[in-house]
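The values are calculated or read from the model by the stated rules, or taken from the named source; none is laboratory data. Everything numeric here is computed off the predicted structure, so don't read it as measured data. Neighbour counts are summed over all protein chains in view; Cβ atoms, including those assigned to glycine, are modelled from backbone coordinates with ideal geometry. For accessibility, only protein heavy atoms count, side chains too; no ligands or nucleic acids. Shrake-Rupley method; radii C 1.70, N 1.55, O 1.52, S 1.80 Å.
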Amino acid sequence: MKKYLVAFLLLLLPSALALQIFEPEYYPKVIHPGDDVDLWVKVYNDNYNDNYEIRNLIISIEPYYPFELKQVNPKKGVCVVDQLDSGESYVAYFKLHVNENAESGEYKIKIHVSYYLVNKDSGEKYYYNYSKIFYLPVHGEANFIVSGNFSLVPAKTMIVPLTIKNVGNGKAKDISVYVGYRLETEEVGSYSKTTVVYSTTVSENNRKIVPTPIPLNYSLIYPVGESKFYISTLKPGESRTVLVKLYTSPKAFEGSYPLPIVITWTDESGVKRAELLYVGAYVKGDIILDVSNVVTSPKEIKPGDSYVRIDVTIANNGHAEAKDVKLKLIAQKPFRDSWSNCNFKGIGNLLPGAIRTVSFYVDVNKYAEAKHYKLPLEISYLDPEDNKHKELEYIDIYIKPKPLFEILTKEFNVSAGKDNIIKIKIKNIGNEKAIRVRISAIKTSGQPFDYPQKSDTIGTLYPNQTGVGALVVSVDKNAISKPYRITLEIRCAGDPDQGDDNVYVYQEPIILNVKRGSSSNILYILGLVVIILAVVIGGYKLLRKRKENEE
């Protein structure tokens, strides 16, 4: 009867009286995603009755996500024990792998046992199996990326966004971001490119690993002002953006530069860590086309000048190449192009720092006001991405004052066979005082004129002032009555008080209407009658003689 009672109790409480499963032990003590975990499970035969032993004990493990079995020997996830006496224990070994994408949390595993409880005396055996669930903590690891959608310009300071994102599977606390820093050890002073434990001392050498600013002369891009930023916590998938003021050296050419960033944080297990990352900072070379020099020929431009040459020097003061550069000088009053299409120039490509000089030609209106003028220069070009650009620069041209004259009396009546006095009235319509103003008649062969007095001095004429000069014109007595155009020369000197020592010479036409006297007209008419009569009589005689010869 006692024998059957014991068997019945064993059926009711098999685990308590026969086999116990203890809490697993594992390594590493802190499990992270991607780890391979060594797991030991201890089972113990606590049956108080020495007459019973456990045989054919099978211990197996059933992992759940994120765990998976890695061991294969002797059988995947199964451990077999032939015999386990009362009071004996056995430690089963399993190897698990943690999924790399696992987030922080506690994940279950299930341990299965099955065995036979055998009576040593009678050989009777009873089959038992049961399972027990355990939970293993997985500590996700923070993993950071730094990104920034911005471009920099050489020799300029710009405020740019930097986004720090936790793309790992663990929470990071007490995050500090150091822009323009490196990780350095006191011992070797080297860069660290991997995540390291960040504490006051590391390794047996007792050397510090600390974020260290990069010296300015080592970098073409560096922060100005605040370069350390604190972020309290970032959970997996969370991000935070900080604004950083960056200065780019004028020595930086167009291209991408690595900007070092150190991130320190405390992980979920309380360990301080540090990592050196890089974000690509793209330096976009700007194109700055400037007019660096302007030279004119003549040096002093005055109203009425023709074919004035303007030499313009264009410089690319930027950091990128300007392609297919074209220049067009837009001539506005009082300027005009000296000839068709002369003021459109194509100069090809301009590299950073390159200069090119081109020449334009303009005429100046003789009535131009003396002052500074802004001549527009249209500049078109392509940037390195072949985008078209067009801009206007302005060339400063100064027109200096000078005297200019207008003849107010332009037509005179003169009599043939006489000396005629003509009084010529002129006006200084220029914008500068004229001194030693003198008028002269220019004698032309083939005209019936002589000049007993061909010049006269008027003196000084201020702007808008008039003066009169007298000339004597002797007209040939046989001059035909009609208008004659003669050339009058006006000569003067500039205003010495304005530093103008030039001599100006102008030639303007005037009209002389020749009128013959009455006696001269009668004689002229009688002469014509005599000539006509002679022609008629001569013709009559010739016809009569020819008729007599025919008879």
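Hey, what's region 81-189 come to in accessible area per residue, 1.4 Å probe, Å²?
Result: 47 Å² of accessible area for each residue.
In nm², what is the average projected area of the convex hull enclosing the Cα atoms of region 395-509?
Its average projected convex-hull area is 8.5 nm².
Report Rg/Rh for region 227-373, rounded to two decimals, where Rg is the Cα radius of gyration and Rh the Kirkwood radius.
Numbers: Rg = 27.6 Å, Rh = 20.6 Å.
Rg divided by Rh gives 1.34.
Between Val295 and Ile511, what is the label-to-label distance in nm when each label sits 7 Å out along the Cα-to-Cβ direction?
In this crude label model, Val295 to Ile511 measures out at 4.9 nm.
Using a 1.4 Å probe on the protein chains only, how many percent of the accessible area of region 75-156 belongs to carbon and sulfur? Mind dumping the intermediate values first?
Values: 1810 of 4190 Å².
It is 43 percent, rounded to a whole number.
Can you give me the long-range amide H partners of Ala102? Hydrogens built in the peptide plane at 1.01 Å from N, cutoff under 5 Å, separation of 5 or more residues or another chain.
Hits under the 5 Å cutoff: Gly34.
Using a Debye calculation, one point per C-alpha and no hydration shell, please list log10 I(q)/I(0) for region 272-328 at q = 0.14 Å⁻¹ in order.
-0.64
Calculate one ³J(HN,Hα) per residue across region 63-70 by plugging θ = phi - 60° into the Karplus curve 6.51 cos²θ - 1.76 cosθ + 1.60, and present them in order as whole Hz with x for glycine and proline.
x, 10, 3, x, 8, 8, 6, 10
Cross-link partners among aspartates and glutamates for Lys400, C-alpha distance below 18 Å, same-chain residues fewer than 8 apart left out?
Counting by Cα, and skipping residues close in sequence, Lys400 has these aspartates and glutamates nearby: Glu300, Asp305, Asp363, Glu369, Glu432, Asp495, Asp497, Asp500, Asp501.
Find the all-direction average of the projected area of the Cα convex hull for region 302-391, expressing the result in square nanometres with one decimal place.
Quarter of the Cα hull surface area: 6.1 nm².
Can you tell me the 0 to 90 degree angle between the C-alpha axis of helix 2-12 and the longest principal axis of the chain, rounded to 10?
Relative to the chain, helix 2-12 is tipped by roughly 10 degrees.
Measuring from a point 7 Å past the Cα of Asp396 along Cα-to-C-beta, which residues in region 343-374 have an amide N at less than 19 Å?
Counting backbone N atoms under 19 Å from the label point, the list is 369-374.
Straight-line reach from Lys95: which aspartates and glutamates have a Cα under 15 Å away, not including same-chain ones fewer than 8 places off?
Answer for Lys95, where 15 Å is the Cα cut-off: Glu25, Asp35, Asp36, Asp38, Glu62, Glu68, listed by chain and number.
How much length, in nm to one decimal, is gained on full extension between Ser122 and Lys95, taken as 0.36 nm per residue of separation minus their Cα-Cα distance?
Result: 5.8 nm gained on full extension.
Leaving ligands, DNA and RNA out of it, rank Arg491, Arg516 by accessible area with a 1.4 Å probe, largest first.
Arg491, Arg516
With the other protein chains left in place, how much accessible area per residue, in square angstrom, belongs to region 276-382 at a 1.4 angstrom probe?
Computed with neighbouring chains in place, this is 49 Å² per residue.
Tell me, in nm to one decimal, what length is gained between Lys108 and Tyr462 on full extension, where the rule is 0.36 nm per residue of separation less the Cα-Cα distance?
Additional length available on full extension: 116.4 nm.
Cβ neighbours within 10 Å, averaged per peptide: list 399-405, 443-449, 369-375 in order, most packed at the top.
399-405, 369-375, 443-449
Sorting check: for 128-139, 264-275, 425-436, which peptide has the highest mean count of neighbouring beta carbons within 10 Å, and how do the rest follow?
Values: 128-139: 15.7, 264-275: 17.4, 425-436: 20.0.
Answer by packing, highest mean first, reads 425-436, 264-275, 128-139.
I need the calculated FRET efficiency for the pair Arg55 and Tyr278, taking r as the beta carbon distance and R₀ as 45 Å, to the nearest 0.05. Provide the component values of the computation, followed by the final result.
Numbers: r = 63 Å, r/R0 = 1.39.
The calculated FRET efficiency here is 0.10.
Note the full-extension length gain between Gln83 and Val503 as 0.36 nm times their separation in residues minus their Cα-Cα distance, in nm to one decimal.
138.0 nm
Exceeding 20 Å between C-alpha atoms, which entries from my cross-link table qualify? They are Lys173/Lys272; Lys328/Lys388; Lys108/Lys272.
The pairs that break the limit, which is 20 Å between Cα atoms, are Lys108/Lys272.
In region 460-499, which residues have a backbone nitrogen under 13 Å from the label point lying 7 Å from Lys443's Cα in the Cα-to-Cβ direction?
472-476
Highest mean first, what order results for 324-330, 297-303 on Cβ atoms within 10 Å? Write down the numbers at each step before the final one.
On the way: 324-330: 18.3, 297-303: 15.6.
The most tightly packed comes first, giving 324-330, 297-303.
Provide the per residue accessible area, probe 1.4 Å, for region 445-484, rounded to a whole number of square angstrom.
That works out to 56 Å² per residue.
Relative to the compact-globule scaling 2.2 N^0.38 Å, provide the ratio for the alpha-carbon radius of gyration of the chain.
Dividing the Cα radius of gyration by 2.2 N^0.38 Å gives 2.32.
Could you state the principal axis extents of the C-alpha atoms in region 395-461, from the largest down, to the nearest angstrom?
58, 24, 18
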